[in-house]
Ligand code: BES
Ligand code: ZN
Ligand code: ZN
């Protein structure tokens, strides 16, 4: 759906459109509804029809306009009960549900009040509502022969213009990341991902550098190359840099797992597990989305993104179980499972980011099924080698409305990664604690403060969710942006 948001300072009744949306919270009309000329008529209808305003519930009422700015229709939009669990996430979800409800009825223009602005503040509510609307309007119709494109112009009455602008930048970047994840893997090969990064650079002015398979080998990225060597689609190492105008306040690295497809290699995945594996580059997509928004917002930190893009395939040249790879760090790794490939590609990316001078590293990867077992589909696992950085990312995620939860890097387990043949092995062999083992493995490759977000659960969904359709979710973009550029800056 093509959505255009219009932020207006004016009250809802001052913007003449055929459809006016007012909230119903705790069974009562919210602020904008109180001032409707047809208020009494509407309250009566609510009672007669027993409309309680459960969250997302809508009621479309034709109103007998008495001229002036009165609309032809009022849509009551339920915001739920007043008591438990109301947060900005309620407003965000309302934004998404609202655009769906309006377009389903065939309206191309509407005005809505900025829900719950009295409770959360005008800026906060505007941000959440706008973000939800743009995320909710997302569709991926590129490969449909005859797509139906709906259009909507939505006025946000009494909203904050800067907050809506910011929400647009961030939500558009999330949708950009979703697009990358949703591309089929025969289209989005490592070379194509690199091409998209170059395009991003041309559009935003970000610096982009790409290494091909020859340079990757020459530089000594043996762990990364080992994973990539079985595919006819050669790997790419992608670097994207954002530099602020003045002296940077800090230098951060964002690293994203970039497996454009993961078959598991010779430790082959069963076919049902493979059906979602085009999403194994969702970490890379999140990092690219974040860079896109960061370039447009212009924070004071320098941010360097690194993506080791490869495909994990089976062929005569593919790596085997028992192969020993030499990583960029110099550490040798015995491959005990070719499906634990992400950590091998990330090992070299982390070493590289560290050597290039990052002060801290935030890394995102669809790394383990074990993390999904632990936290479910909605929550990312957060592993930190440094408490302060861990807290910083956790707080950014909370403000951004993305769910992360800390898991421990248990030092006692580290010895399980020792190999008799090489310095390390890529899996422990123990059946438990898989997400922790993966985090511990990554922590072998940098001494800098590191946060690893295992996004295997929230990166991709096979069902529609409250902020978008099935497919890539763009998880991580909002947190990464929030971290360097807090959305609602403290006053
Ligand atoms: N890409 C997968 C992890 C994954 C699983 C992502 C489910 C999204 C949904 C990763 O490369 C992988 O296969 N990990 C293995 C590790 C194991 C071999 C130690 C896994 O989780 O089974
Ligand atoms: Zn794998
Ligand atoms: Zn993988």
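Among the residues of the stretch 51-72, is there at least one that is out of contact with any helix residue (DSSP H, G or I) (no Cβ under 9 Å at 6 or more places or on another chain), outside any loop (DSSP other than H, G, I, E, B) and at pLDDT 95 or above?
no
Anything in the stretch 241-283 that is surrounded by fewer than 23 Cβ atoms within 10 Å (Cβ to Cβ) and within 15 Å of ligand 3 (Cβ to nearest atom)? List them, or say none.
Residues satisfying the conditions are 261, 264, 266, 267, 268, 269, 270, 273, 274, 275, 276, 277.
Being surrounded by 17 or more Cβ atoms within 10 Å (Cβ to Cβ), away from ligand 1 (no atom under 16 Å from the Cβ), under 18 Å from residue 342 (Cα atoms) and at pLDDT 95 or above is the requirement here; does residue 440 meet it?
Against the criterion (surrounded by 17 or more Cβ atoms within 10 Å (Cβ to Cβ), away from ligand 1 (no atom under 16 Å from the Cβ), under 18 Å from residue 342 (Cα atoms) and at pLDDT 95 or above), residue 440 does not qualify.
If I filter the stretch 182-236 down to residues being free of Cβ contacts under 8 Å to residues at least 40 places away in the same chain and in a loop (DSSP other than H, G, I, E, B), which single residue comes out as surrounded by the most Cβ atoms within 10 Å (Cβ to Cβ)?
Restricting to residues being free of Cβ contacts under 8 Å to residues at least 40 places away in the same chain and in a loop (DSSP other than H, G, I, E, B), the top hit is 212.
For the stretch 100-116, which positions are surrounded by fewer than 24 Cβ atoms within 10 Å (Cβ to Cβ) and either in a helix (DSSP H, G or I) or in contact (Cβ under 8 Å) with a residue 40 or more places away in the chain (or both)?
The answer is 100, 101, 103, 104, 105, 107, 108, 109, 116.
Scan the stretch 237-273 for residues that are assigned to a strand (DSSP E or B) and away from ligand 1 (no atom under 16 Å from the Cβ) and jot them down.
Across the stretch 237-273, the qualifying residues are 237, 238, 239, 240, 241, 242, 251, 252, 253, 254.
I'm checking my understanding of the structure. Among residues of the stretch 417-431 that are under 19 Å from residue 267 (Cα atoms), modelled with pLDDT of 95 or more and more than 16 Å from ligand 2 (Cβ to nearest atom), which one is surrounded by the most Cβ atoms within 10 Å (Cβ to Cβ)?
424
Restricting to the stretch 342-384, name every residue that is outside any helix (DSSP H, G or I) and within 16 Å of ligand 3 (Cβ to nearest atom).
Scanning the stretch 342-384 gives 363, 364, 365, 366, 367, 368, 380, 381.
Being closer than 28 Å to residue 91 by Cβ, out of contact with any strand residue (DSSP E or B) (no Cβ under 7 Å at 6 or more places or on another chain) and within 16 Å of ligand 1 (Cβ to nearest atom) is the filter here, so list the residues in the stretch 373-399 that pass it.
Passing the criteria: 376, 378.
Every residue, every condition in (1) assigned to a loop (DSSP other than H, G, I, E, B); (2) in contact with a helix residue (DSSP H, G or I) (Cβ under 6 Å, 6 or more places away or on another chain), yes or no:
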| position | (1), (2) |
| --- | --- |
| 389 | no, no |
| 393 | no, no |
| 408 | yes, no |
| 431 | yes, no |
| 435 | no, yes |
| 446 | yes, yes |
| 463 | yes, no |
| 481 | no, yes |
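Out of the stretch 320-338, which residues are crowded, with 21+ Cβ neighbours inside 10 Å and either on the phi > 0 side of the Ramachandran plot or within 16 Å of ligand 1 (Cβ to nearest atom) (or both)?
325, 333, 335, 338, listed by residue number.
The values are calculated or read from the model by the stated rules, or taken from the named source; none is laboratory data. Just so we're clear, the structure is a prediction, and the values are computed from it rather than from any experiment. Neighbour counts run over all protein chains shown; Cβ positions are idealised from the backbone, glycine included.
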